[in-house]
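The values are calculated or read from the model by the stated rules, or taken from the named source; none is laboratory data. Only a predicted model underlies this, so the values are computations on that prediction, with no experimental measurement involved. Note that each Cβ is placed from the backbone with ideal geometry, even for glycine, and that neighbours are counted across all protein chains shown.
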Amino acid sequence: MMNKECCKPKEEEKKAENCMVCGATLEYLKTAVSVTCNYCGKKETGYVRCPKGHYVCDECHGKGAFDLIRDIALATEEKDPLAIAELLMAHPKIPFLGCEHGLIATVALLAALKNDGTLGISNEQIIEAMKRTQKQSMPPYCALTGVCGVPIGIGAAFSIILGAACPKDRESAITMHIVARTIDTIANDVGPMCCKSFVRTALGVGYNSAKEYFNIHLPIHREKISCFHSNKNHPNCRKNKCLYFPKTA
């Protein structure tokens, strides 16, 4: 009798793009269907699957990414949030699309503010903001609910800074205004959706908000970004419509 364990794909064989099992382009469904995770065997309902029948649950999809993003964010001395984000998004374990980008937006902003020193941001606060982001930034609900995980990451960062919570008034209002501003700005980047462009746009809003509410002027160099991810020919790349698409000579 064949051992079922031998049929499971190995963690180190995960693909960084499209289907993690085989690399095929994923199907986005209008209604949820019953699926079984190829890695852990968990049965659930899902909106995204591989046309070959493969499925990877949220927990297995993001396995290892949280620790990777946390460790790099806590170690960097960079004060430019875009530079931190580019470093993280360039890592081979970070996919072209995915809710890992919500975590990247959170840590890129908070790590830059921690290194600036004005607000006294701690490593513990960065980790807490990551945990909050992870609770809400879940695939594929960015498209299904209209709330991308990247603005959630910015909201978690400012909620930590301001101490926003349900009983709070001004703190929660400011955080919501910043999230709304982030969503509105990101909406202008859609066509189709690109998580990497969204992170860059969101961090621009985060930079402006830090300047507006705390008078902090972080160094931010958007003009230096030329998106090398575009050469992967991903169907969600906006190409010439994107501010960061490489300019030809």
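Listing for the model above:
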item: All positions within region 124-153 that are of a type in the set (Ser, Thr, Tyr) and out of contact with any Ser or Thr (no Cβ under 8 Å at 6 or more places or on another chain); result: Ser137, Tyr141, Thr145
item: Selection from region 26-48 of residues that are surrounded by fewer than 12 Cβ atoms within 10 Å (Cβ to Cβ) and of a type in the set (Ser, Thr, Tyr); result: Tyr28, Thr31, Ser34, Thr45
item: In region 32-44, the residues that are more than 12 Å from Pro140 (Cα to Cα) and of a type outside the set (Asp, Glu); result: Val33, Ser34, Val35, Thr36, Cys37, Asn38, Tyr39, Cys40, Gly41, Lys42, Lys43
item: Answer from Ala111, Ala164, Ala129 - the residue that is over 25 Å from Val56 (Cβ atoms) and not in a helix (DSSP H, G or I); result: Ala164
item: Members of region 133-172 found to be of a type in the set (Lys, Arg) and more than 13 Å from the chain's Cα centre (by Cα), listed by number; result: Lys168, Arg170
item: Residue ID - modelled with the lowest pLDDT, chosen from residues in region 33-48 that are of a type in the set (A, V, I, L, M, F, W, C) and in contact with an Asp or Glu (Cβ under 9 Å, 6 or more places away or on another chain); result: Val48
item: Test: Pro51 is assigned to a loop (DSSP other than H, G, I, E, B), surrounded by fewer than 17 Cβ atoms within 10 Å (Cβ to Cβ) and at pLDDT below 90; result: no
